[in-house]
Each structure stands twice: as structure tokens, then as C-alpha cells.
1. Could you grab me the full set of residues in the range 46-56 that are crowded, with 24+ Cβ neighbours inside 10 Å and either outside any helix (DSSP H, G or I) or among the charged types (D, E, K, R) (or both)?
2. Can you say whether A135 is closer than 30 Å to K72 by Cβ, crowded, with 21+ Cβ neighbours inside 10 Å and over 25 Å from the mean Cα position of the chain (by Cα), as far as the supplied structure shows?
3. Limited to the range 562-605, what total is found for residues that are among the small types (G, A, S), modelled with pLDDT under 90 and within 28 Å of the chain's Cα centre (by Cα)?
4. From (1) more than 14 Å from the chain's Cα centre (by Cα); (2) under 28 Å from F50 (Cα atoms), pick out the condition that doesn't hold for L329.
5. Could you check, for the range 529-541, whether at least one of its residues is surrounded by fewer than 18 Cβ atoms within 10 Å (Cβ to Cβ), in a loop (DSSP other than H, G, I, E, B), on the phi > 0 side of the Ramachandran plot and not aliphatic (A, V, I, L, M)?
6. Can you list the strands (runs of 3 or more DSSP E) lying wholly within the range 407-505 that have 1 or more residues being surrounded by fewer than 17 Cβ atoms within 10 Å (Cβ to Cβ)?
7. What helices (runs of 4 or more DSSP H), lying completely within the range 114-181, carry at least 2 residues that are of a type outside the set (S, T, N, Q) and farther than 16 Å from Y98 by Cβ?
8. So D278 fits all but one of (1) over 26 Å from A493 (Cβ atoms); (2) modelled with pLDDT under 95; what number is the exception?
Amino acid sequence: MDFLWPAHDVELHGVIGSAIDRCVERRVMAQDHDELVQPFRDHVDGARWFRGEFWGKWLVSAVQAYSYRPTKEYRDKIDRAVEALLSTQAPDGLITTYDPAQQLRYWDVWVRKYVLLGLIAYHDATQNDRALDAACRVLDQLIEEIGKQEVRLPDLGLEVLKGLATNSLLEPVAMLAKRTGEARYRAFAEWVVACWSEPSVFLPRGLRLIEDAIAGVPPARIASPHAYAMMSCYEGLCELYRVTENPQYLEASLRFAEGIRRYELMVNGSGSNWELWDSGSTGQTEPLELPQETCVTVTWMKLCYQLLRLTGDPSWADGLEVSLYNALLGAMVPDGSWWGYFSPLIGYRSPSKAQFSDVNMSCCVASGPRGLLLTPSWAVMSAKSGPVVNLYGSGSATVSKNSGDETVTVIQETEYPLNGSVRLRVLSGERSTTTLRLRIPAWSRATRLFVNGEAVECRSGSYAAISRVWDPTDEVLLELDLRGRAVPAPSGAPSYAVMRGPVLLAMDDRLSHFSDAFVRLATNSEGHVDLVAGEVPEYVQMVFNVPFEVKPTNFFDHKVVSVAMCDFASAGNDWSESNQYRSWFPQPLYKGLTWPDPLTGDSMD
């Protein structure tokens, strides 16, 4: 069913590998799992609370960390966390943080979804059948209770979300159907989807997640515009497609995701304001109150990952890369121990508050690591004929070929994305033809590719396929086009952003200083920006001097000045109101309007 599947024995170095190591050490494996289990013992949730989601989200990230680095220490930790949760399972199979009087209300089904996702992830990584059996008992109890109460998922949950969060239960249901082969789980999943087309207590026309997506309805006008919950439903639809092969399910997921790219996605690879879709693509040049929830960033990346696996279309990997280097890394505090809730394109960074003091957690702090630790799964993947390289960076990955025992290892040597030169070697134990596929990003317009010095044809926005019997001395050299690009505002407003490869550049008030003047971004006729590498302080990853034209006082007074910019993920990483940054530059930009007032959003000198 999948065109591509994850590699194994992945080792990532460089910017991404370092970020993963910090996140695993200081956030994921530093978490006290018993804190997250206690709400299941006490049944403290109700009146719209959702502590129960944290255990499942955290366990998924801990399992991802163990899968990436399968140490005994990590295995012991996830074993203990699962045993602690299973000790709370009732004789009828129920695991929830809700008290009996409020079960099936508010976020209760959402909580059970994350319990199921955690148990399934643990089973997949360890093949522990007890976890899978426990997950089946959780779902069986829920199906039975829904039948007894004669209710439907679209009629359950919070009115403000119109049943969306509850219906995202589809994801683990379809996953259990796939893993167990049980007809009752497939039937329940298809019943849930059928209910989407029927009127509900919240929506007279029903959720219509399939019909409206296929019809090209913008995401903000589908059901309730809660971005995170809506994308979670389409993740479930992708999983159900794997079970049923119903083409309508994949078509709806693709059309919906394309709608996000067209109407909602912002230049740094995320979207939403106040957690809602709001036609953010056209509104992103203005200060937004609470933009780009980290849960939205992560769920968008997970949906892109689903579609990359199902279609083999490299545009979804392009999207993953932009989200990873910008919106996601920008939401993690530098030492990896915490995450931001919202991430503005202009303003300052603020760490998330703990939504519940007893578990010291928030939804975004629990979500962020899942997005970052997804990276080893898509960085290098397998196709039937050999490895598929989606993410460039120093490291290695081993893939299985032809779904058998033959393995192929790809080794990368590069400082990407600091520079665009990537050297690769392919090591295969078998003297048979292997096809190496390399993602040529859509933004890389002047790519060059060589094998042992001989040029190979490649095209932006596609995979370059190199088929040969590989010798350990063979060397592939990929040279990506990292010229600066001026990205015009999608709204048509006179404003530009600057990107270099997948990396968005931003002004930071620790770096960017220029005289009291009007300035315009200097570009050539092709929309490229001449970037010059600058001095890099220890607190940022990269710095480039960006040319701006100073508005002349007379016809002969033309002048160009350089303004230092850093990568978006580093911008504002002092994480204080005093460290301002911005990513969009109106034409012209006036110094006095560079930074917004941190309290009102108004511009200030």
C-alpha cells in the first residue's frame, strides 16, 4: 500500500541530529512518566480538561526516541510507563482520566485516542502483545459503550469543535484494524466515516470532511476550523485507506492537504491563529494574536508524512523540510527542555505555560517532540528498488531492499543547509542493481548532480533516480541551489520574505541595525537575493548579510546597505520580550516600524 517506508539504523548529525539529542535528553527522557499516569488513577478530568492526552503523546515520543536509539535505558523507561498505565485499566477494559459521570463527554474520547496511539506505538516498537491486547480492550469497551448509549461520534465532544476532536479516534481504530485484521474494527471505522456525511447535533449538514475536501472547500469553511483536530481526522482517513484501499479516502486527504498549502500555510511551514484556520496564507504578513500553534505544526508534518508514504510525491517531503527547519525548530527552546505554544512570524518567542500544574505539561510541550522525532522516519526511506533520500544532512541510514533481507546503507557527508554540497556513498552487500533516489527540492532551480564526476540529469520537484551496481568507492555529489530567494506575499501586499533553500531568514534585533531610513529589499530580475555569509554569534545557527536599497534623497544618491539576518529558528531565541524579530519586510521598510510593541502589537521606534 505504501510507496515508501522508513529506513532503520538511522543516524543523524548536524543541526537536526543535535536538536534531536537535546530534545530526547532534556525533555522526553527527563519526563516523570508517573506524573502523567496519576490522572488515570484519580479520574480527575472533566469539565473540558484533557490531562489524559499527555501520557499518549509523551509515550509516542519516547517510543520514537527508543526506536532511534534502542538503548536498554530507554527500553526500561517505556516498559515502566506502559506497565504503570495498564495498572489503571478497569476489568471492562476502560482506561481514561474522566470520572464515570462525564465519560464520553468533553475530551474523553480524545483522551482514549491518545491512550490507544501510545499503546499501538509501543507494540509496534517492541512487539509486546500485551500492549496490543490492552488497546483492543480499550476500544472494545468504547464501542460497546457507544452502542449502549446509542450515540454517534459526531454528536460527542465539545460544541465549539463540532465533534472534530472526538472523530479523530478514527486514526487508532484504523491502525488496530490493520494490525489485528479484526473485521469489527474496520466496520466501526467505516461507520464513523459514514456518520460524517449525516446531520449531527452540532452541524445540520454534518461534518462533510470527505465531500467538502474533494470539492476544494477551503479548510476554514469545513466543519469547525479547529486546525489540529481537523488534520487529525484526515490522518485517520489515511490510515483507513491502508485498510480498505478506498480511493476516495486518499483523494479527500490529498485535496484537503492541498487546500492547506493554498489557503493556510505560512512561509515557515505552519499555520493557524488562535488554533484555528483563518486563511492564514494571505494574512501572514500582519501581526497575528496567537499564531502557529505547535500542535498544528506537528500535525501538519504528520499529515505530510502520511501523504509522502502513500504517494511517493516529493512535494510532501519539501513541506516537511520547511516545517522542520523553521516552524518546528523555532518552537523548541535552545536546550531542548521545553517548547513554545505559539510561534509568531513577527514579535518575540514565549515558552508555553504548563496547562496543568500537577502534570507540568501543555499540549504543545507534549506535541513538539513527536514532530522532531518523526524526522528519522522520513529522512531516508525505502522503496522496493532501493533507498530514497528525503533530507540532506551528515549521517547514515540503512534500508531494506525488495522487502527482503538485502540491505543498503547510504552515508552522507555535508554541512547542509549551511552549504549546498552533499556527498553520498552507497554500500551494498549484494552485487545487484540498486536505485538511489535523491529528492531535488522544488526550490533548487539550478541543481547539479554527479556520479564519479560524470553529470547526471535531474529536475527540481522530483526524485533523481540513479540505478547501478554500487561499488564502495563510488561517490555521488549533489550541489543544491542555495541562492537567496525573495518570496512575495501571497496576498499581493507589497511585502517580501527571504529564503535560502528550506531556511527562512529573519531580522533579529540583536543583529539587525541600520540607519533611520526607508529601505527596500534588493533583488535581481529573477527574484534572487545576493546573500553573503556573515559572522555567526554563538546563539544562532547561521547569519547572512542581506542587501537593502536605501531610498535616495535625490536621483544620484542610490545606495545599498547590508542587513544581517539569521535563520528563523534562531531568531528571537533569547525567549524574552526584549528580543524581537521579524520575517516579512514591507516595501519600503522604515526603521521606526521594524519591531512591534510586545504588548499591543503596534509598531514602535
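1. Filtering the range 46-56 down to residues crowded, with 24+ Cβ neighbours inside 10 Å leaves 52-56.
Hits for the range 46-56 are G52, E53.
2. Values: closer than 30 Å to K72 by Cβ: yes; crowded, with 21+ Cβ neighbours inside 10 Å: yes; over 25 Å from the mean Cα position of the chain (by Cα): yes.
It is true that A135 is closer than 30 Å to K72 by Cβ, crowded, with 21+ Cβ neighbours inside 10 Å and over 25 Å from the mean Cα position of the chain (by Cα).
3. So in the range 562-605, the residues among the small types (G, A, S) come out as 562, 564, 569-572, 576, 578, 583, 592, 601, 603.
With modelled with pLDDT under 90 added as a condition, the list becomes 562, 592, 601, 603.
Of the ones still in play, those that are also within 28 Å of the chain's Cα centre (by Cα) are 601.
Selection size over the range 562-605: 1.
4. Among (1) more than 14 Å from the chain's Cα centre (by Cα); (2) under 28 Å from F50 (Cα atoms), the lone unmet condition for L329 is (1).
5. Among the residues of the range 529-541, not one is surrounded by fewer than 18 Cβ atoms within 10 Å (Cβ to Cβ), in a loop (DSSP other than H, G, I, E, B), on the phi > 0 side of the Ramachandran plot and not aliphatic (A, V, I, L, M), which makes the answer no.
6. Details: elements: 407-414, 421-428, 434-440, 448-451, 462-468, 476-479, 484-488, 495-500.
Those strands (runs of 3 or more DSSP E) span 407-414, 421-428, 448-451, 462-468, 476-479, 484-488.
7. Values: elements: 129-149, 164-167, 170-180.
Because the criterion is at least 2 residues that are of a type outside the set (S, T, N, Q) and farther than 16 Å from Y98 by Cβ, the helices (runs of 4 or more DSSP H) in the range 114-181 that meet it are 129-149, 170-180.
8. Among (1) over 26 Å from A493 (Cβ atoms); (2) modelled with pLDDT under 95, the lone unmet condition for D278 is (1).
The values are calculated or read from the model by the stated rules, or taken from the named source; none is laboratory data. Because the structure is predicted, anything quoted here is derived from the model rather than measured. Here Cβ is always computed from backbone atoms with ideal geometry, including for glycine, and neighbour counts include all displayed protein chains.
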